[in-house]
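For reference, the structure is listed below as structure tokens.
The values are calculated or read from the model by the stated rules, or taken from the named source; none is laboratory data. Because the structure is predicted, anything quoted here is derived from the model rather than measured. Because the Cβ atoms are built from the backbone with ideal geometry, glycine has one as well, and the counts that use them run over all protein chains shown.
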Amino acid sequence: MLGVTIFTIIAGEFVVNGLAILIAKTLGTTLSVLGILDRFVDLLTVLGVMLPPIIGIMLVDYYLLRGSRKILDDSQLTGKLPDETVTIGWAAICASIVGGIVGLVTEWGYRPSTHCWLAILLYWALKLVFSRSQKSAITLDPL
């Protein structure tokens, strides 16, 4: 059924039929014949190193930096999704990528924790720099 769920997400509508199941089973069989299980441990290693920085950044943004907290609180009161949100969090993307790459290429420390903290500190610093640059741009150009 996972294949049907993925197909449903891609198609954008709820589709449960034989074609979706056939496509999912064919894709799974093809990948297993191609030897995806030989690379499964590598996939788990990459996930184990890449996910902790992402989760750490999400926690820091929500609990410490309180990004978009007012918007989220207002939307909770109204029971609707917010009208506007941050389009792309470049600081979070950059910090996640740097934390993940450092985690993959280095062997020091306890990898998930060490590189999670590295990504958190980098994210915090980038958010401070971006917020200061936006404040200075607002004060310099009041248009």
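What tally of residues in the stretch 117-143 results from selecting those that are at pLDDT 85 or above and either within 21 Å of L47 (Cβ to Cβ) or in a loop (DSSP other than H, G, I, E, B) (or both)?
Result for the stretch 117-143: 6.
Results for (1) over 15 Å from I55 (Cβ atoms); (2) acidic (D, E); (3) part of a helix (DSSP H, G or I), shown as yes or no for each residue.
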residue: L77; (1), (2), (3): yes, no, yes
residue: T85; (1), (2), (3): yes, no, no
residue: C94; (1), (2), (3): yes, no, yes
residue: E107; (1), (2), (3): yes, yes, no
residue: H115; (1), (2), (3): no, no, yes
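How do the pairs read when you match residues in the stretch 76-93 that are without any contact (Cβ under 8 Å) to a residue 12 or more places away in the chain with residues anywhere that are not in a loop (DSSP other than H, G, I, E, B), using Cβ under 7 Å and keeping only pairs 6 or more apart or on different chains?
Close Cβ pairs satisfying both conditions: L81/S75.
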